Amino acid sequence: MTAVSPLAPGGFPALLPISGVRLAAFAAGIRYAGRNDLMLVELAPGSTVAGVFTQSTMPGQPVIWCRECLPHGKVRAIVVNSGNANVFTGRAGRQVVEGTAATAARLFGCDPREVYIASTGVIGEPPPADRISAALPSVVGLLDAAAWQPAARAIMTTDTFPKGATATAAIDDVAVRINGFAKGSGMIAPDMATMLVYLFTDAALSPQVLQPLLVAANERSFNSMTVDGDTSTSDTVLLCATGEARHDPVASSDDPRLAGFRGALEAVMTDLAQQIARDGEGAQKFVTIEITGAETDRAARRIGLTIGNSPLVKTAIAAGDANWGRIVMAVGRAGEKADRDRLSISVGGIQIAAHGGPVPGYDEAPVAEHMKGREITIAVDLGIGRGKATVWTCDLTHGYIDINGSYRS
């Protein structure tokens, strides 16, 4: 049993039921022994959905299926397995997806295109042909509006803790809730987002309203988080709305009445993104990188991610080494506009470098003391524009090698 990350939150949050959502977890024996590895979510008829998926050119069969379903905008069920990614599995992998969707559609009396599927685990191994479909009738009997934590645990692979978050907002003075849970620990480098994430609300919002809300919040949350620089083949983020809340119709994602909802959605997604970085494989330190003064916000995020993905920066952080020259290196190779003489770098709130060199009288001792802690902050100001971004990452330890060197065994 892998020890829980020292950066984990105190526990799984209390996620209250959302009208129109029921969940279940089940041990289908897909890869793991003695644990749940299959998750099922049932949503009320008429529920709507938005999604973003990996930009990898080697997507898994479930991602391909979900992309095909998304234009229809409706969802009645979500089926997720852990242990086998169903990636690079050819026609056999497609048949598993189609069979799973057909079985769930019969159980819920819906179109197969209203069944969304995801898989996570080993790439390139044939998926178990009928194990998922055979288990689904038993899983239906376990559906429960309160089963958020079991569902979150069932989709874990190398994760050391289940990840959940919740927030409330109001639309037309009508209270709405957003619950979400995620899995992710390694193969984490945003290019959409790198993990499986499921978000649910009782708001009554069309797919045309949900999609831009999800895309915008994704940019500032999952697309601003990294662990190891590798983009997964299976990334899936779904936002589902049951429509059970009785507020007036909303025609546009720009509607001012959605201001609170937008904030709540971003808060849930940011919380989950940070939890994934805190559970980075082998991680011992959580790192927040603040970039200001860049040419654009996009340039700022790219610089932040370059710093966050640098093995040299991450190993220095792991060792508690205040080697700020590695941050300068990462800024320089990010491919964005930068001026050596305008660049300013601070660690732990202490300015280290400015105007093309170390600040006069720089004392490394307090910076080194900060680097020994669990929560590391790095601030970089480019001094050339108004672009800004925040990126979250973790350190890189020998534990990462241990986990990934023995992953298949």
Checklist outcome for this item: Taking a probe of 1.4 Å and leaving out DNA, RNA and ligands, segment 191-322 shows per residue an accessible area in Å² of 31
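Sorting Phe12, Phe222 by accessible area (1.4 Å probe), largest first, what list results?
Ranked from most to least accessible, the order is Phe12, Phe222.
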Next on the checklist: Between (i) 118; (ii) 133; (iii) 162, which entry matches volume of the Cα convex hull per residue in Å³ as derived from the coordinates of this structure?
Outcome noted: (ii)
Item to check | Antiparallel DSSP beta bridges within segment 161-273, percent to nearest 5 | outcome: 70
Checklist outcome for this item: With label points set 7 Å from each Cα along the Cα-to-Cβ direction at Arg262 and Arg106, the distance between them in nm comes to 4.6
Item to check | Gain on full stretching of the segment that runs from Arg340 to Glu375 - 0.36 nm per residue minus C-alpha separation | outcome: 9.9 nm
Item to check | Check: segment 242-302 dipole with +1 on Lys, Arg Cβ and -1 on Asp, Glu Cβ, in debye | outcome: 140
Item to check | Within a Gaussian network of the chain (alpha carbon springs, distance under 10 Å), most fluctuating of Gly141, Gly348, Gly121 | outcome: Gly141
Checklist entry - Gap in Å between the Cα centre of segment 269-313 and the Cα centre of segment 35-70? => result 26
Checklist entry - Roughly what would the spin-label model give for His355 and Ala216, points 7 Å off Cα along C-beta, in nm? => result 4.2
Item to check | Average Cα contact separation per residue, the chain, under 8 Å, 6 or more apart, as relative contact order % | outcome: 18
Checklist entry - So for the chain: antiparallel DSSP bridges make up what percent, rounded to the nearest 5? => result 70
Checklist entry - Cα centroids of segment 223-266 and segment 77-141: how far apart, whole angstrom? => result 25
Checklist outcome for this item: The simple spin-label model distance between Thr315 and Val4, using points 7 Å out along Cα→Cβ, in nm, is 3.2
Next on the checklist: For the full complex of protein chains and a 1.4 angstrom probe, list His398, His72, His370, His247 by accessible area with the highest value first.
Outcome noted: His398, His72, His370, His247
Checklist outcome for this item: When the charge dipole of the chain is computed with +1 on Lys and Arg Cβ and -1 on Asp and Glu Cβ about the Cα centre, the Cα farthest towards its positive end, among Ser119, Ser253, Ser310, belongs to Ser119
Item to check | Mean-position separation - Cα centroids, segment 319-351 and segment 365-381, in angstrom | outcome: 13
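Trypsin sites (Lys or Arg not before Pro) within segment 239-298: which are DSSP loop residues with at most 15 other Cβ atoms inside 10 Å?
Values: sites: Arg246, Arg257, Arg262, Arg278, Lys285, Arg298; in loops: Arg246, Lys285.
Passing both the DSSP loop test and the Cβ count: Arg246.
How big is the antiparallel share of DSSP beta bridges in segment 1-139, given as a percent to the nearest 5?
Expressed as a percentage, antiparallel bridges in segment 1-139 total about 60.
Given axes a ≥ b ≥ c from the Cα gyration tensor, I'd like to know whether segment 98-182 is rounded (a/c under 1.5), prolate (a/b larger than b/c) or oblate.
Note, shape of segment 98-182 comes out oblate.
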Next on the checklist: Run the paramagnetic zone check for Arg386: 7 angstrom along Cα to Cβ, then residues of segment 292-313 with backbone nitrogen under 20 Å.
Outcome noted: 292-303
Next on the checklist: With a 1.4 Å probe and all protein chains left in place, how much accessible area per residue does segment 52-185 have, in Å²?
Outcome noted: 36
Checklist entry - DSSP loop trypsin sites (Lys or Arg not before Pro) in segment 340-409 with at most 15 other Cβ atoms within 10 Å of their Cβ, which ones? => result Lys372, Arg374, Arg386, Arg408
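First compute the accessible area of the chain with a 1.4 Å probe, then give the percent of it belonging to carbon and sulfur atoms.
The C+S portion of the solvent-accessible surface of the chain is 52 percent.
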Item to check | Size of charge dipole - the chain - debye, nearest 20, with Cβ of Lys, Arg +1 and Asp, Glu -1, no other charges | outcome: 560
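The values are calculated or read from the model by the stated rules, or taken from the named source; none is laboratory data. Just so we're clear, the structure is a prediction, and the values are computed from it rather than from any experiment. Here Cβ is always computed from backbone atoms with ideal geometry, including for glycine, and neighbour counts include all displayed protein chains. Remember, those area values only see protein heavy atoms, side chains included, never the ligands or the DNA or RNA. Shrake-Rupley method; radii C 1.70, N 1.55, O 1.52, S 1.80 Å.
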